[in-house]
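Participant: Take this structure first; my questions come after.
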Amino acid sequence: MQRRTLFLALTSAIGASLLPWQASAQDAGSWPSKPLRMLVGSAPGGGTDAMARAVADRLAPLLKQPVVVENRPGVSNTLAVDVTAKSTDGHTMVMGVVTAHAIAPHLLKLGYDNNKDLVPVAFVGSVPNVLVVGNSVPANSVAELVALARKNPSLINFASSGTGSTQHIAAEVFKDAAGISITHVPYKGSAAAQVDLVSGQVQMSFDTMPSVIGQIKAGKLRPLAVTTRERNPQLPQVPTMAESGLPGVEISAWYGIYMPAATPKAVVQKLHDEVNKVIAMAETKTRLEAVGAELRPMSQADFEAFHLAEYQRFGNIIRKNNIKLDQ
């Protein structure tokens, strides 16, 4: 009898400790009840950070609570995801990115299950990767670059923001599709890679549009192609890889909001709806389209399906090209 009484007391106490989150979570009308955190897996100033701040700035007034952007860079954007997956306060989300959710799980041993411990809440948009070369490279098209690489197999080095980044994956797919030999030179971020690209220490990169658009407009880097199905409005004169003769090279950096899998459906739906309102705002569209972003609202179910499809697609690419972290 005493054991039963003690057990009931303990379970009651545990239940009571969870009530504040459960109550606010089940009733989406009372959520959020305190400031929210939007984690970012990269340093300030990059594409993921730009996406997060553009959404957070306009999301806060809609939710009537501050949305604080918190940068947790490192380990292929997964540090921020790890914190989010393990959070229990009901007020933590992450600006997810393809690197963390579709690429890193195939290359790293993670402390969470990418497909079970998180729920895709709202898709924000995507940006193309752009094949750029330094001004010292004698190539004005993809065909000329491929011919140069075939003639001089040891000449072309490509920069990336790190092994497993979209820059790295895109270059590996390009190398395979073109049947050429080029050497990977990984850096700790796009900024460092671009310094050497502009100076001629490396010859090419498949950097993301937000990171590279400034250098292109300044005339310091020359764009040869974008890796999307259609041309980008910010670079209308630049052909797609398909138009350049390599239709299989299609890689984009995409972004979306994720929360812990235990988040109640009512809260997920509320956040999804409010994020989509932000994306539809003229100011948000102007702000993100200026850096080449393509905004594509999805239903929450469609985002979940997209997440799994991308996870599988990049897994196939990584296995086919034998991409390892020690490259």
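The values are calculated or read from the model by the stated rules, or taken from the named source; none is laboratory data. The shown structure was predicted, so the numbers you read here are calculated from the model rather than taken from an experiment. Please note: Cβ atoms are built from the backbone with ideal geometry, for glycine as well, and neighbour counts cover all protein chains shown. Please note that ligands, DNA and RNA were not included when accessible areas were found on the heavy atoms of the full protein model with its side chains. Shrake-Rupley method; radii C 1.70, N 1.55, O 1.52, S 1.80 Å.
Participant: Any chance the stretch 168-177 includes a residue that's part of a loop (DSSP other than H, G, I, E, B) and either touching a residue at least 60 places away in the same chain (Cβ under 8 Å) or farther than 21 Å from Phe314 by Cα (or both)?
Facilitator: no
Participant: Report, by residue number, each residue of the stretch 60-75 that is basic (Lys, Arg) and under 24 Å from the mean Cα position of the chain (by Cα). Let's see the steps before the verdict.
Facilitator: Just the residues of the stretch 60-75 that are basic (Lys, Arg), to begin with: 64, 72.
Matches in the stretch 60-75: Arg72 only.
Participant: Among the listed residues Pro239, Pro247, Pro297, Pro210, identify the single one that is modelled with pLDDT under 95 and over 23 Å from His101 (Cα atoms). Break it down into steps so the answer makes sense when it comes.
Facilitator: Details: Pro239 fails: modelled with pLDDT under 95; Pro297 fails: over 23 Å from His101 (Cα atoms); Pro210 fails: over 23 Å from His101 (Cα atoms).
The unique qualifying residue is Pro247.
Participant: Can you tell me which of Val119, Val130, Val137, Val202 is within 30 Å of Lys86 (Cβ to Cβ) and either part of a loop (DSSP other than H, G, I, E, B) or touching a residue at least 60 places away in the same chain (Cβ under 8 Å) (or both)?
Facilitator: Working: Val130 fails: within 30 Å of Lys86 (Cβ to Cβ); Val137 fails: within 30 Å of Lys86 (Cβ to Cβ); Val202 fails: within 30 Å of Lys86 (Cβ to Cβ).
When all the criteria are applied, what remains is Val119.
Participant: When you go through Val278, Val267, Val291, Val238 one by one, which is the residue that is out of contact with any strand residue (DSSP E or B) (no Cβ under 6 Å at 6 or more places or on another chain) and over 12 Å from Ala54 (Cβ atoms)? Spell out how you get there, then give the answer.
Facilitator: Working: Val278 fails: over 12 Å from Ala54 (Cβ atoms); Val291 fails: over 12 Å from Ala54 (Cβ atoms); Val238 fails: out of contact with any strand residue (DSSP E or B) (no Cβ under 6 Å at 6 or more places or on another chain).
Just one listed residue meets the conditions, Val267.
Participant: Now for a separate question. So Leu79 fits all but one of (1) assigned to a helix (DSSP H, G or I); (2) aliphatic (A, V, I, L, M); (3) closer than 19 Å to Ser165 by Cβ; (4) open to solvent by less than 10 Å² (accessible area, probe 1.4 Å); what number is the exception?
Facilitator: The single condition Leu79 does not satisfy is (4).
Participant: Here's a check for you: in the stretch 248-300, which residue that is touching a helix residue (DSSP H, G or I) at 6+ places or on another chain (Cβ under 9 Å) and polar (S, T, N, Q) is surrounded by the fewest Cβ atoms within 10 Å (Cβ to Cβ)?
Facilitator: Ranking the qualifying residues of the stretch 248-300, first place goes to Ser299.
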